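Following: one structure in structure tokens, then a few remarks.
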């Protein structure tokens, strides 16, 4: 998996930042990959929803009163803190919170640190706390909602950098997560380059089709495009190249 | 029903665009009609939520892997495409998606075509895909959410222009749907003119009451209005006429 | 309880308006109080979410067709109307709607009156109707959503100023409710002053920590702060005093 | 209401024990009363589901850690204990638990006492604890499920003999609750005698129709019965009288 | 589709009655067909859950007060009645009720008629009413629950013998439904014979494996079977043939 | 933790098999431990619900089509198979299935092997498949339901013997799970002996109280017991010792 992940070049990330999660979903579906879009997870701020980067995972299990006390929270080896300190530039921190939105998985101080470390997004199927302050940090954040209680109200950070579930999707460390206004999609590590290229091609064609439809063309013959329309597109494309 | 629908004049639509779904709900409730407000359906863009027009229906059932493949999607007789090509100016396309929000019932290309055909809104209890691009088209859209997967991930368009369910409400073709920030309400075809007129009257009175309350009047005597207050209102109304 | 409530001074309310519900949740959690944050309740307008004030309660039970008719709604002794007319300046009206969002617990006329009476917020686990008009009144409103049907569609106002449930939280008249973008938290009447002071202290320290982290400090040693960092903070705090 | 309640004679209760909740629902629906069947509430033991009797209500709100401690539970004036000690022979205890099933509203010791006091059923939209032992007491019990945690885990008994909500239904003290395998229906106090008589008549006719259909008659002409079939029924009925 | 359906011989039905829905699910999964098991639908009586037969569909949409009155229910052309009168021996009646369990889709009189007509099961994602009486008819019934209110409380029968959704599964008339204690699975019409044969083979092998494991064999080598174990099985199978 | 687990003697297990999960919940609540009862998990067969034993954990994440194929299922190192082969006599296998009930976490063949290995129960917040056959094995099984699809329809077994979440409860390997008709409770490893003893004492007292109440005593003075009643109990207890 490390080899695959290393293949995720800045160019690929740059391409992924130009295509929609809808297009990526179509490309994955064509390859038989369907269980990749997170349900119940959306952008905290839809004007700052877009991101792409490799997943770094953090797993929470339910809290229990004998183990999860405000005191224990100060442990410097607390997996939540260590995971954040291990983030690299460009990473996306994804937190498996079992869809439990009764407390926040993190707040604005940790988000500030995540940003400073160069991570590009936080994704969780739990809630975040102090959502207004998190939005103000400018870090794209996709979550199941907002909730004021601190994480130990219902969560116990247990381990990181292992495969997790988030929003009904398996996320393996090194998979690439992409977000936009629709939410978050997970691209399996080995397919990232292929999907990025195909998605870019698809959007180029769809942009051409959209223009045609905006000018009055019927869906029949345009979407999907007839051989004739596709030939016109290919010719135009060739001229631009 | 065609006769009733033909009775929905531009004046009536124009009146409906000036009243709230809350007022329409009150008028329908007074006539014993209660099961008309869609649950779990809301505007994609609350600053562009308002619309009114006759319903054109499209029904989805669950997808099945042997029938719903990307290839089959290109069929020019696909009910989704035909339904859209059959839309008339002023129509509202309502899609029965069984409340399933795991994929988008349509995306921005189809929305562009819907807009070009002159339809005034899309309503669904499913999700839409590429929500940012749909918002950018400017077409009022009320949905259950946003989701990147393409419709065949979970839907199969099966037929159109038949009675459907949407958001827990029966919608018969020709019923008039009205939307605002609260969501979408369905007015039975035969009641549209009566409801529009009564709603307009109600809002005129309520506007008078609101002014009175904003100036310090107690609810007691104002809302509902006492005979005295109502007489003042009627007199003022008569002067304005 | 009256004595305790009278201890909620304007200074305390003023302090509570400067701290987040997240910080208040932490302080209550430290004292063993956890069941205080409302689930499924959020601001209608996140740019106008902040408020603090003592709770005045109103309880709804389900409507029944023989009792809940548009006519009965005009009763001047209707508990909904009386409760609103009994509101004092600074109060927060909290409506126990059993989490039922199929109709609106109130609309813009009543909200206008609530505002005129000087109440500072409306909180409910039900929906509100005519949400756009309610937002326009400027009164901070936290609800479970928006719905056009009038309250008697599903609710019957039964009594007020008794302990109620809202969003899974017990609210006793006189408890202090605080809202921000995360939602609404309930501070038991007897703890309000203590919590306000402690929350203010905590935010002062966290602001110091956030600055430190924004400047590049690691979480380890900063959050929670090491004895050294805390000493620096205390020294700085002392200088400012 | 006391007068109405006193009109619920043993004969009426005896009649109600012979008819189904389905038939009662039909009779109430014909009179425009629809919001009367509890959703999410069912018999703990479907072979011991049947009961009928006037409602005695008990209301729970959420627990809060400062108020709901094992110690406080011993208060002899605890509303849960007092409510049970106030039960009369033939009563049905209905507990409004807000549909919260994370703890049990009562267990087998209280159920034993309820039985000794002569109550005929317990109904709640919460859970019960020690469900096996409760079933063994033989008291018909309809609940939202079973859960081991004690009531103060999530509940605080606050008052009794006031109108409550249970399973989405308003229950006023003195309304008559009837249960069978389908669940629990609430008959408004003033309609009990009328509904009992009409339901008995309906079942008599339906029994005749069922025999006819079991012998091969088509639905058309039988259900609803044609004038001819109804005449045969009336004649047979007259002979039996 | 008629041709395919005619290929569902009594032998195939007989075979399907001997295999579990779990085995059928495995065989369909191997052929890439996954969206076939109904969610939220289970046997009313787990000791009478087993059935197999071709689907006859009936579609409900939400009721509306102006259209769905007790009087209209007597219409001899009511689709619910006509659909039942059109059932043939061996059919399974499947009712699309949108998962709405607030009323019963049918009761014991209709079930009696369904049985007399020779249908072998009723399947719905709604509720049934008078569940005790339905169980007593002996007709295998799979539903989403039990509810006393009559169907027009929330449903309007609109059409039959068209493709429908039930429990999240597309059911096309002529598909074969099979039920057991786990619930109901739908076999596409064109695959019925193939799936029945393959499922029978699979269960024969699994029975052999289960015996081996019950006698102490490890999973490793047994499940899935090693080439050696499979050879022993094939030899034994050959001897029995 | 191994040391603590080794302290779970057969005598303790034997005691736990005599007390209810309700009593255990009370004892844990008195010690401040509340998040221990699984929500949405219940016995497949309520007449065979009782068990007690140390937890062995297995974690599932969502399936993904590229990784979870019927072929891969045959891998002898599949964590599901290895976990089962590692079970010891007396163990309880608990499977974290994220509450996803769209497929079965295991079926009757694996259950047969689990039984042969001497495990005493299976617990999961997912579904089981071929529930009838699993019940027939006689192994106490608590699950979220039954579903025919095979586990790879929605699950991927990823690791075992690590802390997991099940039914909203943290389960650490070595914690002791106890089940009865109410469902499943988790006792932290370090408290097992203490809780078993205290629960046994509590049930002894409650049995005495129940007898008293069954004979007509009021709750007031009996439950909780007055000093006088408790003295009588203590005396009787002493005589029996």
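Only the coordinates and a few stated rules stand behind these numbers; no lab work does. Given the structure is predicted, the values throughout are model-derived calculations rather than measurements. Positions of Cβ are backbone-derived with ideal geometry, glycine not excepted, and every protein chain shown enters the neighbour counts.
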query = How far, in degrees from 0 to 90, does helix C:192-214 lean away from the longest principal axis of the Cα atoms of chain C, to the nearest 10?
reply = 50
remark   = homo-copy label distances at residue D:30 (7 angstrom along Cα-Cβ), nm, one dp, ascending, are 3.1, 5.7, 5.7, 6.3, 6.7
remark   = From the Cα centre of the range A:157-229 to that of the range E:32-99, the distance in Å is 39
query = Classify the range F:149-241: rounded, prolate or oblate, from the alpha-carbon gyration tensor (a ≥ b ≥ c, eigenvalue square roots; a/c under 1.5 rounded; otherwise prolate if a/b is larger than b/c)?
reply = prolate
query = Between copies, how far does the label point of residue E:9 sit from its twins, in nm, shortest first, when each point is 7 Å from Cα along Cα→Cβ?
reply = 6.1, 6.7, 6.7, 6.8, 9.3
key: In nm, spacing of pseudo-spin labels at residue F:9 and residue C:9 (7 Å Cα→C-beta vector)   = 6.1
request  = Point me to the residue of chain A whose C-beta lies closest to the A-onto-C rotation axis, rounding the distance to whole angstrom.
outcome  = A:46, 7
query = Is it possible to state the helix-based mean residue ellipticity at 222 nm for chain D, with each DSSP H run of 4+ residues giving -39500 (n - 2.57), the sum divided by total residues, to the nearest 500 deg cm²/dmol? What is it?
reply = -10000 deg cm²/dmol
ask   = Once both labels are modelled 7 Å past Cα along the beta-carbon direction, what's the residue C:30-residue A:47 spacing in nm?
value = 3.6
query = What's the angle, to the nearest 10 degrees (0 to 90), between helix B:227-240's Cα axis and the longest principal axis of chain B?
reply = 80
message = Can you give the FRET efficiency to the nearest 0.05 for residue A:218 and residue B:161, using r as the Cβ-Cβ distance and R₀ = 25 Å?
response = 0.85
inquiry  = Nearest 5 percent is fine: what portion of the DSSP beta bridges confined to the protein assembly as shown is antiparallel?
reply    = 60
message = When a/c reaches 1.5 or more, the comparison of a/b and b/c decides; with that in mind, is the range C:77-174 rounded, prolate or oblate per its Cα gyration tensor?
response = rounded
request  = Kindly state, to the nearest 0.05, the FRET efficiency for residue E:17 paired with residue C:85, given R0 = 60 Å and r defined as their beta-carbon distance.
outcome  = 0.30
query = Does anyone have the angle between helix D:21-30 and the longest principal axis of chain D? Alpha-carbon axes, 0 to 90°, nearest 10?
reply = 70
remark   = GNM of chain B, Cα pairs under 10 angstrom: of B:200, B:223, B:60, the biggest fluctuation goes to B:223
message = With a 10 Å cut-off between alpha carbons and a GNM built on chain E, which of E:154, E:218, E:108 moves the most?
response = E:218
request  = First check a/c for the range D:1-120, with a ≥ b ≥ c the square roots of the eigenvalues of its C-alpha gyration tensor; if it is under 1.5, answer rounded, and if not, answer prolate when a/b is larger than b/c or oblate otherwise.
outcome  = prolate
message = Quick check: convex hull of the Cα atoms in the protein assembly as shown, volume per residue, rounded to a whole Å³?
response = 208
key: Percent antiparallel among DSSP beta bridges (both partners in the range F:21-173, rounded to 5)   = 40
request  = Place the label 7 angstrom along Cα→C-beta at residue A:89 and in each other copy, then list the distances from the first to the rest in nm, shortest first.
outcome  = 5.8, 5.8, 6.1, 7.9, 8.6
inquiry  = Please check: in the Gaussian network model of chain B (C-alpha springs, under 10 Å), which one of B:211, B:111, B:23 has the largest mean-square fluctuation.
reply    = B:211
remark   = Computed Rg/Rh for chain E (Cα atoms; Rh = Kirkwood radius) stands at 1.06
